[in-house]
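The values are calculated or read from the model by the stated rules, or taken from the named source; none is laboratory data. From a predicted model like this one, the values you see are computed outputs, not experimental measurements. Glycine gets a Cβ as well: all are built from the backbone with ideal geometry, and neighbour counts include every protein chain shown. Surface areas here come from the heavy atoms of the whole protein model, side chains and all, with no ligands, DNA or RNA. Shrake-Rupley method; radii C 1.70, N 1.55, O 1.52, S 1.80 Å.
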Amino acid sequence: ELGDTASQSRVYAELGVKANMLAATEPRFLLMRAQFYQRQKMPRLAWADFQQALKQAPGDVDILQANLWFLIDEQRVEVLPRFLREHGSAAAKDARLWAAYAAASQVLERHRDAVSWYAKAAAHRPSDFPMLLNYADALERVEQTGMADRMRRHVWAQLKEKFPNAPVSQVVANKPELLALARLSLVNQPGDPSLALVRQWVSQMRGLSDA
């Protein structure tokens, strides 16, 4: 790990010409630099490195997955359809890609495809609560509202059991789960006494996210 962004900036600056040499032969270096560029809000440079890394290591699922999540995060709807077609065979056989394929399908408004991919991903990762909520959204978009509601109630119950009254300082590492819990508060009864805790978490989480 290269550490914080400032440290990474110094490392890339110090590498100078060597960075180009590494980029020509080391896909993992390209992947790290692409992710650095993405964090720095430099999507053109990031995408160039993501693509080159995949070209150098076409069988590397981690690099393939990183490319796909970049396209999802950047909402590259003009590129996603071709990318999904080209790598569909690999995705069908590798569970690490199922959630990303589901999310990409949602970005493209292909909700039935999203439901299919989420079903596979949920069976593989039944405790990935943020993903399960996205699955519920996809179900709702294909008019399976009953199943979507059951999914949300299941996640709500699991998260309330997992975080009954712990202060935020003890569960910062689980931020995605807390955000999932906060989101679920919007679809449960306003009179639920546990929602006071959710509101407290949401308020504190705003401060944490800005830190």
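Work out, step by step, the length gained on full extension between Lys55 and Glu109: first 0.36 nm times the residue separation, then minus their alpha carbon distance; give nm to one decimal. Mind showing how you got there, number by number?
Details: separation 54, 0.36 × 54 = 19.44 nm, distance 2.80 nm.
Answer, rounded to one decimal: 16.6 nm.
At what distance in nm do the modelled label points of Ser127 and Ala157 sit from each other, each positioned 7 Å from its Cα along Cα→Cβ?
1.8
Of all accessible surface on region 77-157 at a 1.4 Å probe, what whole percent is carbon and sulfur?
Details: 1970 of 4020 Å².
The nonpolar share, carbon plus sulfur, comes to 49 percent.
As an exercise, use a Förster radius of 30 Å and the Cβ-Cβ distance of Ser116 and Glu26 to find the FRET efficiency, rounded to the nearest 0.05.
Values: r = 36 Å, r/R0 = 1.20.
About 0.25, to the nearest 0.05.
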